[in-house]
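Asker: Okay, handing you the structure first.
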Amino acid sequence: MPDIAKILHTALQVLLILLGFNLIIFVHELGHFLAGRWRGLKIDRFQIWFGKPIWKKTWNGVQYGLGWLPFGGFVSLPQMAPMESIEGRTSEKGEPLAPISPLDKIIVAIAGPLFSLLLALAAAGIVSVVGKPVDTIPTTKVGSVDKDSPGAKAGIRTGDTILAVNGQKVEVFAGSSKMNGIFEQIILSKGQEIHFTIQREGEPQPIELVSKFDIPETKWYQRKALREVGISPMPEMVLVSTVMKGSPAERAGLKQWDRLVSVNGRKVACVSDFLKFIAEAGTTPVEIAYERTSEGHDKMEDMKLSELKKLPWTPGTATVQAEVPVSPANHAPMVGLAPADIADQTSDTRTPGAWEQIGESLSMMWTTLDRVTSKDSSIGIDHLSGPAGIAKAQYRMLQMENPYNRLLGFFVLFNVNLAVLNMLPFPVLDGGHILLALMESIARRPVKARALEWVQTAFALMLISLMLYVTSKDLFGDIGGHRRDAPEVVFKQP
């Protein structure tokens with residue numbers, strides 16, 4: 001039997017996302033609409049979403065409608081510029097409309113982004129009272145360093161504390177809203193080298209290390225992977241994520257989700273420690289101290305550290321002797337388990353001021369535009385999100401703690417992004433209308449209508465193509481991932 005309550009709950013969440021998305025579009029277009037009314041412009045249509053209307057109604061000479069392409073919305077203002085390429089043609093053919101001044105065009109064009117900023121400011125005012133969660137990995141200490149990774153080749157070691165990346169001071173490993181996390185600085189880095197300032201135990205002064213980076217391969221239909229150097233944060237505990245069938249670890253009684261404590265009395269602080277201790281022992285038997293819990297196994301993969309710590313853990317020991325597997329050939333001795341670092345992840349509620357939130361959003365937007373347009377960055381157009389990606393992000397937020405606070409915080413960022421993107425000086429966008437109006441004012445004559453229509457049409461097609469491209473990455477980019485399948489390991493039979 002289907003879970004009706006769960007289906008209804010999911011449907012309500014999807015409806016909430018759609019309502020929020022349409023509210024953002026409506027407020028932006030309302031700015032154009034009200035400014036057009038104020039300046040006495042002819043208004044043909046007010047439509048949410050593009051394309052042929054699936055619903056429409058005419059009131060006071062204006063056709064209100066809902067299109068079938070969920071890529072935004074528009075207010076049809078024929079005196080602004082020819083926009084029939086995306087708005088469609090009107091059926092009525094009346095008297096030629098009087099031209100309007102460049103000032104009128106600028107006022108109407110800028111009203112949409114202004115209303116988006118006002119909506120962002122209103123949402124930010126609420127967030128400044130109720131707060132918003134910020135999820136971080138608060139440590140800056142390195143736990144694991146992948147073997148033969150760029151970070152390992154650069155000399156980064158387990159236990160190093162990273163102070164800065166490319167001269168930018170870092171405060172957390174990941175998750176900072178101010179973009180001062182180690183993870184964020186790595187993926188947003190420019191150039192072919194990443195500079196780390198590190199404080200190492202026993203060293204009186206910080207040391208400087210220079211690392212290359214890897215970008216894992218992805219399928220043609222996926223987004224390009226992000227930069228990585230092969231380092232992980234210092235964990236709070238190390239759990240067994242997998243025990244291989246027939247392995248020495250399985251025969252010794254170790255199980256999935258056991259907590260690794262020590263090897264021959266040496267504390268296991270991270271995965272790197274465990275792998276190092278096992279490698280040093282070779283085929284000599286080792287005593288592994290562990291802790292085991294009988295609760296929550298079906299949920300442990302999604303549990304937070306604070307939840308894991310509350311489980312009842314019982315200590316135990318197992319004597320394990322690594323062995324060379326039968327397959328693949330020439331493999332080093334192994335015990336046959338895969339450990340996983342569990343780092344401390346916190347979700348603190350911040351109550352930043354409204355203008356501080358607007359400033360942070362503008363800073364993030366500027367950084368994004370800079371990296372997308374920079375030839376020295378690995379961030380590209382395929383990393384942007386369209387309506388589908390935005391909806392997926394909001395749906396994930398609704399599954400987390402304090403979902404509505406998260407949505408409000410995202411609401412601020414999205415409206416600021418919408419305002420900034422629309423102010424870019426490209427045809428079809430509001431910034432393009434402003435640029436054309438300024439050109440008209442300087443030349444003291446309007447741009448030729450025929451030429452302008454061709455330019456508008458070309459950029460409209462480019463914009464729709466871009467949205468379709470980004471949407472394809474939103475819909476199919478997560479299929480398959482970019483993990484490499486590990487070869488099957490076969491151990492000798494006991």
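Coordinate-derived values only; no laboratory data. Keep in mind the model is a prediction, meaning the values are calculated, not measured. For neighbour counting, all protein chains shown are included, and Cβ atoms are generated from backbone atoms with ideal geometry for every residue, glycine included.
Asker: Please list the non-local residues whose amide H lies under 5 Å from the amide H of Arg45, H modeled 1.01 Å from N, same-chain partners needing a gap of 5 or more.
Answerer: Excluding prolines and chain starts, which carry no amide H, the hits are Gln63, Ser76.
Asker: OK, next. Can you work out ³J(HN,Hα) from phi for every residue in region 281-287, in order, using Karplus 6.51 cos²θ - 1.76 cosθ + 1.60 and θ = phi - 60°, giving whole Hz and x for Gly and Pro?
Answerer: For region 281-287, the Karplus curve yields 6, x, 9, 6, x, 10, 9 Hz.
Asker: So, one more: Restricting to Cα pairs below 8 Å that are 6+ residues apart, what does the relative contact order work out to for the chain? Please round to a whole percent. List each step's numbers first, then the result.
Answerer: Values: 898 pairs, mean separation 91.6, N = 494.
Rounded, it is 19 percent for the chain.
Asker: Taking the Cβ-Cβ separation of Leu275 and Ser374 as r and a Förster radius of 25 Å, what is the calculated FRET efficiency to the nearest 0.05? Intermediate values should be presented prior to the final figure.
Answerer: Values: r = 37 Å, r/R0 = 1.48.
For R0 = 25 Å, the calculated efficiency reads 0.10.
Asker: Can you grab the distance from the C-alpha centre of region 259-301 to the C-alpha centre of region 143-163, Å, no decimals?
Answerer: The two parts, judged by their Cα centres, are 21 Å apart.
Asker: As I understand it, the value is the acute angle between the Cα axis of helix 449-476 and the longest principal axis of the Cα atoms of the chain; what does it come to in degrees, rounded to 10?
Answerer: 20
Asker: Add -39500 (n - 2.57) for each DSSP H run of 4 or more in the chain, then divide by its residues: what number comes out at 222 nm, to the nearest 500 deg cm²/dmol?
Answerer: On the way: 13 runs with 194 residues, N = 494.
-13000 deg cm²/dmol, from helical runs alone.
Asker: Still on this structure, please answer the following. For a footprinting-style exposure proxy, rank Arg37, Arg292, Arg227 by other Cβ within 10 Å, fewest first.
Answerer: Working: Arg37 12, Arg292 17, Arg227 20.
Taking fewest neighbouring Cβ atoms as first place, the list is Arg37, Arg292, Arg227.
Asker: For log10 I(q)/I(0) by the Debye sum over Cα atoms at q = 0.06, 0.07, 0.13 Å⁻¹, the listed values are (1) -0.47, -0.60, -1.09; (2) -0.28, -0.39, -1.21; (3) -0.40, -0.52, -1.31; which was obtained by calculation from the structure presented?
Answerer: (3)
Asker: Say each of Trp454 and Met179 gets a label point 7 Å from the Cα, pointing the same way as Cα to Cβ; how far apart are those two points in nm?
Answerer: Reported label-point gap for Trp454 and Met179 is 3.9 nm.
Asker: What number results when the radius of gyration of region 142-233, computed over Cα atoms, is divided by 2.2 N^0.38 Å? Don't skip to the answer; put the middle values down first.
Answerer: On the way: Rg = 13.2 Å, N = 92, 2.2 N^0.38 = 12.3 Å.
With N residues counted in region 142-233, Rg over 2.2 N^0.38 Å equals 1.08.
Asker: When Trp59, Trp313, Trp220, Trp454 are ordered from fewest to most other Cβ atoms inside 10 Å of their Cβ, what list results? Intermediate results must be reported in sequence, preceding the final value.
Answerer: Numbers: Trp59 8, Trp313 18, Trp220 4, Trp454 14.
By the 10 Å Cβ count, ascending, the order reads Trp220, Trp59, Trp454, Trp313.
Asker: Now a separate question. Please go through the residue pairs Lys153/Lys276; Lys153/Lys473; Lys147/Lys212 and name each one whose alpha carbons sit more than 23 Å apart in this structure.
Answerer: Details: Lys153/Lys276 17 Å; Lys153/Lys473 33 Å; Lys147/Lys212 14 Å.
Cα-Cα > 23 Å for Lys153/Lys473; rest within.
Asker: Have a look at Ile207, Ala152, Gly175 and report the one farthest towards the positive end of the charge dipole of region 142-233, computed about the Cα centre with Cβ charges (Lys/Arg +1, Asp/Glu -1).
Answerer: Value computed over the given set: Gly175.
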